[in-house]
Amino acid sequence: MKQRHPKMPYVLLELKMSNHAKYVYMALLHFRSKRSKTIKVSLTKVAEVTGLKGRQLTNHINTLVQHNVIERRQNTHGSGEYGCNVYTILCDETYFAEIPWEIAYEDALSVNAKIGYCIMKRYTDLDKQDYVCYMTKRELAKKIGCSLNEVDKVKRNLKNAGLIAYERNSNKITLIYEKALVAECNEEIKQVVRSKNKVIQNENYSDAF
Amino acid sequence: MKIIRMLFKDTKCLITTSVEEIAKECKSNPDDLEVMRVLEEMARDNEIVIVPIRKEY
């Protein structure tokens, strides 16, 4: 069963804020139920996903609140005791980059690498379905908000994890993991459609008998 | 529910099914758009023909 893929809104990726804050948003999506705008989760659980300490996490959540990406309120029980936090997504989710679950919450990848992957996905041509994006090192550095050396690290990190492929002195970056994932899924759909053809054939045989 | 009728070119079988039904049978749980994209690809490869459903008068 395919897991729900977290969807990173383009609006959020374009915002000038730390990548950790963006990653906290991604971590909140971990606990989202389908398309519901409200997410009910405790700080401890978000901290487990992000690997951040309580104070840092609160700061990043505050940043998201300040930028009107999310709204936070504390759930209260009938007895007046405080419960867990309830976050409401406020940002525009019309356009988004859908990131495979296993990439979004992979511990081996750095936060910059994950956000970098989101940006690469954002600049691929979805109509072509070739999962190729053309971005220079400078463009990537600007979009991710890091130095040129950090971009090299991000690309190397993603390449070593088997997620992207690129050549030296070339702007072309292929998201090979996702390309293979989609090809696998498409092949399965084709098999299901072909199986319908076989069923009809067998039915014809049974009619003949 | 999006009903589609398709003709398999090799066996000349005409079957009527729905996009949701195909999606439900897949383990990878694809959405309607992905299924439609694959069907169009199969049509492009001359494996099937998507027959438009017209109102019968």
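A compact table of results
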read-out	value
Helical mean residue ellipticity (222 nm; -39500 (n - 2.57) per DSSP H run of 4+; nearest 500) of the protein assembly as shown	-14500 deg cm²/dmol
Ratio of Rg to Rh over region A:73-209 (Cα coordinates, Kirkwood Rh, two decimals)	1.21
Convex hull volume of the protein assembly as shown per residue (C-alpha atoms, cubic angstrom)	199
Estimated inter-spin distance, B:Asn46 and A:Lys159, nm [label 7 Å along Cα→Cβ]	4.1
In nm, spacing of pseudo-spin labels at A:Leu43 and A:Tyr82 (7 Å Cα→C-beta vector)	0.8
Of A:Lys114/A:Lys155; B:Lys2/B:Lys24; A:Lys114/A:Lys179; A:Lys121/A:Lys143; A:Lys40/A:Lys121, those spanning more than 21 Å from alpha-carbon to alpha-carbon	A:Lys40/A:Lys121
Euclidean distance of C-alpha centroids, region B:1-20 and region A:35-110, integer Å	44
Förster radius 51 Å - calculated FRET efficiency between A:Lys137 and B:Leu14 (Cβ-Cβ, nearest 0.05)	0.40
Percent of Cα pairs exceeding the 19 Å cut-off, where the set is region A:7-89	34
Pairwise Cα inverse-distance average, inverted: Kirkwood Rh of chain B (Å)	12.0
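Quick note: the coordinates plus some simple rules give every number you see, no bench work behind them. Please read all numbers here as calculations on a predicted model, not as lab measurements. Positions of Cβ are backbone-derived with ideal geometry, glycine not excepted, and every protein chain shown enters the neighbour counts.
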